[in-house]
Amino acid sequence: MAKNLTGHLLPTTVVGSYPQPDWLIDRAKLTGSAPPRVRMKEVWRVAEPYLEQAQDDATAMAIRDMEDAGIDIVSDGEVRRESYSNRFATAMAGVDIDNPGEVPARTSGRMTVVPRVVGKIARARAVQVRDVEILRKVAKGPIKITVPGPFTMAMQAVDDYYKDAEALAMDMAAAVNQEVRELFAAGADVVQLDEPWMESRPEQARKFAVKAINRALEGATGTTAIHLCFGYAYIVKDVKPKGYHFLGELNDSAADQVSIEAAQPGLQIEAIKSLPNKQIILGVVALDDDKAETPETVAARIHEALKYIPADKLVIAPDCGMKYLPRASAFAKLKAMVEGAAIVRATL
């Protein structure tokens, strides 16, 4: 069981991303295509010599927004990333980023450009350790960092080397494990693996996803989480399933927490009973429109979950990353989420 980092029940957190400011990215370019799996440097408005400094400033803004909204466990907002996965996936040895491939997107089925694996995968360098060091310096309380999971990265690649999805995922897991260990050493309280492709590739996930996750989390010294969802709300706006195709299997994983999308799809909350050994990070804020929920709506969603899980095993969050929302909307939704959690906490 993950330790309580806040000293109270129903702690609030984020899944990862927060809106990047318009002076930093060209939002039209970012939203005009599928989330990039290879580098998409043209979205940045700031010239390369000044980009890192600008990203650092925007990160500090995101952290302060989360803290001003009352979030207990903050992230860096993934401000330095073009997407949740591409920055790490394209930094590994064995990946040819100059000659990418294509695979069907997990939600639309349209072909999307992805990294091409041409050699043995290995972690060439630390990718996000500096991110945690800055997050630790700026944030006032507990911090969380997200890393793309090995199963999802294996699905988001053209494999011209291994010709074996499991072997590819396991070497990616070893690379992720090196990063995870260093992220905790740098001061992270929570490290989350983003694994949305387990939901869309459940048959393959049943074969080796948990094995890869457990390899990625070996030796972790803090709280670990797995996030899975049905796709970014700005892409998947309409019908989402009310149940996961791959969920209970994660009860056997090494992760302390499982983060699930529940608000937008109207998830059948009793599904969390399939994870008795885990804390649940419950999505109680939908991201398919700009209007913030009322605190009372958030409180009702939390009360529904408490029918199936004790309060000390529940963490409150948005459904997914918030990067595609306007910044004012993201802040308003987080504030409503915090207030909704407080309403419920006062009744416990």
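Annotation note: GluC sites (Glu not before Pro) in region 208-295 located in DSSP loop regions with a Cβ neighbour count of at most 16 within 10 Å are Glu218. Across the chain, the longest piece that holds none of the trypsin sites (Lys or Arg not before Pro) lying in DSSP loops with up to 11 other C-beta atoms within 10 Å covers 164-290.
Placing a label point 7 Å from the Cα of Asn214 along the Cα-to-Cβ direction, the residues of region 252-288 whose backbone N falls under 11 Å of that point are 252-255. As a proxy for reagent exposure, Ser75, Ser274, Ser200 were ordered by neighbouring Cβ count within 10 angstrom, fewest first; the result is Ser274, Ser200, Ser75. Taking label positions 7 Å along the Cα-Cβ direction at both Glu270 and Arg130, the computed distance is 5.1 nm, reported to one decimal.
Which of the chymotrypsin sites (Phe, Trp or Tyr not before Pro) found in region 22-79 are in a DSSP loop and have at most 15 neighbouring Cβ atoms, other than their own, within 10 Å? Please report the intermediate quantities before stating the final value.
Details: sites: Trp23, Trp44, Tyr50; in loops: Trp23.
Taking region 22-79 and a limit of 15 other Cβ atoms within 10 Å, the loop chymotrypsin sites (Phe, Trp or Tyr not before Pro) found are Trp23.
Size of the dipole of region 27-345 about the Cα centre, Lys and Arg at +1 and Asp and Glu at -1 on the beta carbon, nothing else charged, in debye to 20? Could you put the intermediate results ahead of the total?
Details: 42 positive and 45 negative charges, 33 e Å.
Charge dipole, region 27-345, about its Cα centre: 160 debye, nearest 20.
Would you work out if the chain is rounded, prolate or oblate? Take a ≥ b ≥ c from the square roots of the eigenvalues of the alpha-carbon gyration tensor; rounded if a/c is under 1.5, else prolate when a/b is larger than b/c, oblate otherwise.
Numbers: a/c = 1.45, a/b = 1.23, b/c = 1.18.
Judged from the Cα gyration tensor, the chain comes out rounded (a/c under 1.5).
Label sites at Glu304 and Asp96, each approximated as a point 7 angstrom past Cα along Cα to Cβ, lie 4.8 nm apart.
For the pair Ala28 and Ala346, a Förster radius of 51 Å applied to the C-beta separation gives a FRET efficiency near 0.75, rounded to the nearest 0.05. Expressed to the nearest 5 percent, the antiparallel share of DSSP beta bridges inside region 86-226 is 40 percent. Reported to the nearest whole Å, the Cα centre-to-centre distance from region 1-30 to region 148-223 is 21. State the Cα centre-to-centre distance between region 81-141 and region 269-348 in whole Å. Answer, in whole Å: 28.
Bear in mind that the values in this text are calculations on the coordinates, not laboratory data. Just so you know, these numbers come straight off a predicted model, no measurement behind them. Cβ: placed from backbone, ideal geometry, glycine included. Neighbour counts: every protein chain shown.
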